[in-house]
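Student: Take this structure first; my questions come after.
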Amino acid sequence: MKPLIGITTELQPDTLEGQGTFSNTLLTGYSEALALAGCLPVALPLARPDTVRETLSRLDGLILSGGMDIPVEVLGEAPHPSLEPMQPERWPSECLWLETALEMGKPVLGICLGMQVMAVTAGARMILDIATQRPGSISHTEWPQRLRHEVIVEEGTRLASFAPALRVETTSSHHQAIVDVPKGYRLAATAPDGVIEAIEMPDRPFVIGVQWHAERTPTPPDWVLVGFARACEGT
């Protein structure tokens, strides 16, 4: 049976009957890429404390999807001109999905913002804008183009156990990055300029965050999503 995967969604301001509300949105690339990797994708709403555990009990894995920036209030940082923060309601929802999935032992994959959520909730600091705060770094985003750059996977990691090689090309679209690997995680991959591109929990079967967009690979099925699917098959 194909694993059922929940994917967190972005919030878009909307209006219904003259009242302010939100729409849950998810780029179709996620569901299409997961289907090609052998999964059944499900878009998730905002997490609710009274239903999050029951929802996750019916899922085989969780993906924390990409999106806007983490609010600076969460990071304890001064605002940066390049910031485009997520809707405030999304942050506690992402945290609740993640924390509950970890408590339940579910496989978790963080993509771009999703990796940053994993890292920040564990105590990592953030580079708010790579271009201005890490001069000399390679380009990590050229929106709306599909930027590709090399990533170096750390030998001996869980990520390396299913990667096609230790040097791989990835699809990149991020202007922020984490400064350090937080407690409970280990380094899994870096860009050639030293920017952290993947982290993982070494004591879990599959809790991995990747800074790149695995769902946008030009040659699907993507190896990260296939590895994630295989891990979810056993839950």
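The values are calculated or read from the model by the stated rules, or taken from the named source; none is laboratory data. Everything numeric here is computed off the predicted structure, so don't read it as measured data. Cβ coordinates were reconstructed from backbone atoms using ideal geometry, including for glycine residues, and neighbour counts include every protein chain displayed. For accessibility, only protein heavy atoms count, side chains too; no ligands or nucleic acids. Shrake-Rupley method; radii C 1.70, N 1.55, O 1.52, S 1.80 Å.
Student: Quick one: among Asp14, Asp180, Asp60, which has the greatest mean-square fluctuation in a GNM of the chain with alpha-carbon springs under 10 angstrom?
Tutor: Ranking Asp14, Asp180, Asp60 by mean-square fluctuation puts Asp14 first.
Student: Run lengths n ≥ 4 of DSSP H only: what is the helix-derived mean residue ellipticity at 222 nm for the chain, with -39500 (n - 2.57) per run over all residues, to the nearest 500?
Tutor: After summing the helix terms and dividing by the residues of the chain, the value is -7000 deg cm²/dmol.
Student: What is the Cα radius of gyration of segment 1-139 over 2.2 N^0.38 Å, N being its residue count?
Tutor: For segment 1-139, the normalised Cα radius of gyration is 1.12.
Student: Still on this structure, please answer the following. List the GluC sites (Glu not before Pro) within segment 99-151 that fall in a DSSP loop (any state other than H, G, I, E or B) and whose Cβ has at most 16 other Cβ atoms within 10 Å.
Tutor: Within segment 99-151, the qualifying GluC sites (Glu not before Pro) (loop, at most 16 other Cβ atoms within 10 Å) are Glu142.
Student: Along the charge dipole of the chain, Cβ charges K/R +1 and D/E -1, which of Leu59, Pro49, Pro92 sits furthest on the positive end?
Tutor: Result: Leu59.
Student: Could you work out the local net charge near Gly66, counting Lys and Arg as +1, Asp and Glu as -1, over the other residues with Cβ closer than 13 Å to its Cβ?
Tutor: -3
Student: Take each uninterrupted DSSP H stretch in the chain, measure its Cα extent along the helix axis, and return the ones at 18 Å or beyond whose mean Kyte-Doolittle hydropathy is at least -1.0.
Tutor: Sorted by number, the helices that extend far enough and score high enough are 90-103.
Student: For segment 132-212, divide the Cα radius of gyration by the Kirkwood radius and give the resulting Rg/Rh value with two decimals.
Tutor: Radius of gyration over Kirkwood radius for segment 132-212 works out to 0.96.
Student: What net charge is computed for the residues neighbouring Ile152, neighbours being all others with C-beta under 11 Å from the C-beta of Ile152, Lys and Arg scored +1, Asp and Glu -1?
Tutor: On the way: positive: Arg167; negative: Glu150, Glu154, Glu155, Asp193, Glu197.
Charge balance in the 11 Å sphere: -4.
Student: With a 1.4 Å probe and every protein chain left in place, work out the accessible area per residue of segment 1-45 in Å², rounded to a whole number.
Tutor: On a per-residue basis, segment 1-45 sits at 57 Å².
Student: Let me spell out the model: positive unit charges on the Cβ of Lys and Arg, negative unit charges on the Cβ of Asp and Glu, origin at the Cα centre of the chain. What dipole size does that give, in debye rounded to 20?
Tutor: With Lys and Arg at +1 and Asp and Glu at -1, about 520 debye.
Student: Can you give the three extents of the C-alpha atoms in the chain along their principal axes, from longest to shortest, in whole Å?
Tutor: Per principal axis, max minus min of the Cα coordinates gives 49, 45, 33 Å.
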